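Q: One structure coming up, written as structure tokens, with questions to follow.
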Amino acid sequence: MVVLSNPGIEQLSSLRNCKPTTLFSGIPIIDPSKSDSKHLLVKACEDFGFFKVVNHGIPMESISRLESEALSFFSLPLSEKQKAGPPNPFGYGNKIIGPNGDVGWVEYLLFTINQESISQRFISEDFRSALNDYISGVKKMACEILEMMADGLRIQPRNVFSKLLMDEQSDSVFRLNHYPPCTGPGIHTLNSNNMIGFGEHTDPQIISVLRSNNTSGLQISLGDSKWISVPPDQNSFFINVGDSLQVMTNGRFKSVRHRVLANSMKSRVSMIYFGGPPLREKIAPLAPLMKGEEESLYKEFTWFEYKTSAYNSRLADNRLLLFQKIAAS
């Protein structure tokens, strides 16, 4: 990942016709306090690979504090922000997404998580404190969601997924994305109205926990090139099924393809916790989920192998294709 030497996103000139897209009202909503939540959760993962969590228990104070620190950082002059980068792989990035030519209307901070803490010294103590407090909360919530999934699938032990995030060697990361208002010439446009903020992709990890400010832009794919726009909700969290979870459920849960459009006159800030397994962890369909003579759709691989392959791919590539078993002719 390389930081561009050109002027920052905030210095680019005006883009015309940035219009919002129609919002979809059918996103599954999961309330962990409800008795039927585990069954609704399984259905959401099968049908969408995506859902919204309400009544999550994470204090709004913790959420607002991190958002404020993030906005303060991204409002700094480009020269100051670049002191936190370039990302190698962690730090500040601007427009360049990965090493393989993907670009977007985005700037970001990427952090490695050492258990439940951020140790990078390129941010202030207050910023680091806000990050650690927030990450502790979303990690706990992610593990609870994963245990609800196991309950809904009727597999034991119920921590079969969550233990991978709780492992001291868990390879989880945290990302802060900032999509400035639609005020400059697009790097890649869908049409005259919408500009790509972050290109279409799936997340390679087990689970992703997303929260953003009250600004639209996130879209998920329903297949057949049909995209739906997710209504923003700054008080709730959105969960993505990742590639690794799709493999562990032998394709029963769907890793959701998603993207972000820079289609608003308002700045968008998103916070994403990517729950990943230890690098040594072997990823394969779980035996209790294999019905009868059902065969595995995927070759067994380690998280390190898959992560390396994903990092060497383009965003829009089908990253699991190389790890699928080819049916005998």
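Q: Relative contact order for the chain: what percent, with Cα pairs under 8 Å and sequence separation of 6 or more?
A: Reported as a whole number, the value is 22 percent.
Q: Something else about it: Sort Y179, Y311 by heavy-atom solvent-accessible area, probe 1.4 angstrom, most to least.
A: Most to least solvent-accessible, the answer reads Y311, Y179.
Q: So what does F274 come to for accessible area, using a 1.4 Å probe and Å² rounded to 10?
A: Estimated to the nearest 10 Å², F274 gives 30 Å².
Q: Follow-up. Accessible area, 1.4 Å probe, largest first: how do R319, R158 sort?
A: Details: R319 30, R158 100 Å².
Largest accessible area first, the list is R158, R319.
Q: Here's something else I'd like to know. What FRET efficiency, computed as 1/(1 + (r/R0)^6) with R0 = 51 Å and r the Cβ-Cβ distance, is obtained for M290 and S129, rounded to the nearest 0.05?
A: With a Förster radius of 51 Å, E is 0.70.
Q: Pull up the cross-link candidates among the aspartates and glutamates for K38, meaning alpha carbon to alpha carbon under 16 Å and not fewer than 8 places away within one chain.
A: Cα-Cα hits under 16 Å: E46, D47, E144, E147, D151.
Q: While we're here: Excluding ligands and nucleic acids, what accessible area in Å² is computed for F238 using a 1.4 Å probe, to the nearest 10?
A: 10 Å²
Q: If you don't mind, another one. Can you put I326, I145 in order of accessible area, largest first, using a 1.4 Å probe? Let's see the in-between values first.
A: Details: I326 160, I145 5 Å².
Sorted by accessible area, descending: I326, I145.
Q: Using the structure shown, select from K163/K254; K139/K226; K140/K299; K52/K299; K52/K282; K254/K291 the pairs with a Cα to Cα distance greater than 23 angstrom.
A: Too far apart for the 23 Å limit: K139/K226; K140/K299; K52/K299; K52/K282.
Q: Hey, which lysines would be in cross-link range of K81, C-alpha to C-alpha under 22 Å, not counting anything within fewer than 8 residues on its own chain?
A: Filter leaves K95, K266.
Q: At 222 nm, what value in deg cm²/dmol follows for the chain if DSSP H runs of at least 4 each add -39500 (n - 2.57) and the sum is divided by all its residues, to the nearest 500?
A: -7500 deg cm²/dmol
Q: Once R0 is set to 35 Å, what does the formula 1/(1 + (r/R0)^6) return for the Cβ-Cβ distance between N312 and E144, expressed as a FRET efficiency to the nearest 0.05? Mind showing how you got there, number by number?
A: Working: r = 33 Å, r/R0 = 0.95.
With R0 = 35 Å, the Cβ-Cβ based efficiency is 0.55.
Q: Got a number for the accessible area of R128? Probe 1.4 Å, square angstrom, nearest 10.
A: Surface open to solvent at R128 totals about 60 Å².
Q: Where the centroid of each part is defined by its Cα atoms, how far is the range 204-234 from the range 151-178 in Å?
A: Measuring centre to centre over Cα atoms gives 20 Å.
Q: Counting only protein heavy atoms and a 1.4 Å probe, tell me what percentage of the chain's accessible area is made up of carbon and sulfur. List each step's numbers first, then the result.
A: Working: 7370 of 14930 Å².
Ligands and nucleic acids excluded, carbon and sulfur give 49 percent.
Q: OK, next. Keeping all protein chains in place, calculate the accessible area per residue for the chain (probe 1.4 angstrom), answer in Å².
A: I get 45 Å² per residue for the chain.
Q: Net charge around G93, counting only other residues with Cβ within less than 12 Å of its Cβ (Lys, Arg = +1; Asp, Glu = -1)? Don't jump to the answer; show the numbers that get you there.
A: Numbers: positive: K81, K95, R175; negative: D102, E107.
Cβ neighbours under 12 Å give a net charge of +1.
Q: Hey, could you get me the Stokes-Einstein D for the chain, Kirkwood radius over alpha-carbon pairs, 4 °C and 1.567 mPa s, rounded to whole µm² s⁻¹?
A: Calculated translational D: 64 µm²/s.
The values are calculated or read from the model by the stated rules, or taken from the named source; none is laboratory data. These figures come from a predicted structure and were not determined experimentally. We place every Cβ from the backbone using ideal geometry, glycine too, and count neighbours over all the protein chains shown. Calculation scope for accessible area: heavy atoms of the full protein, side chains included, ligands and nucleic acids excluded. Shrake-Rupley method; radii C 1.70, N 1.55, O 1.52, S 1.80 Å.
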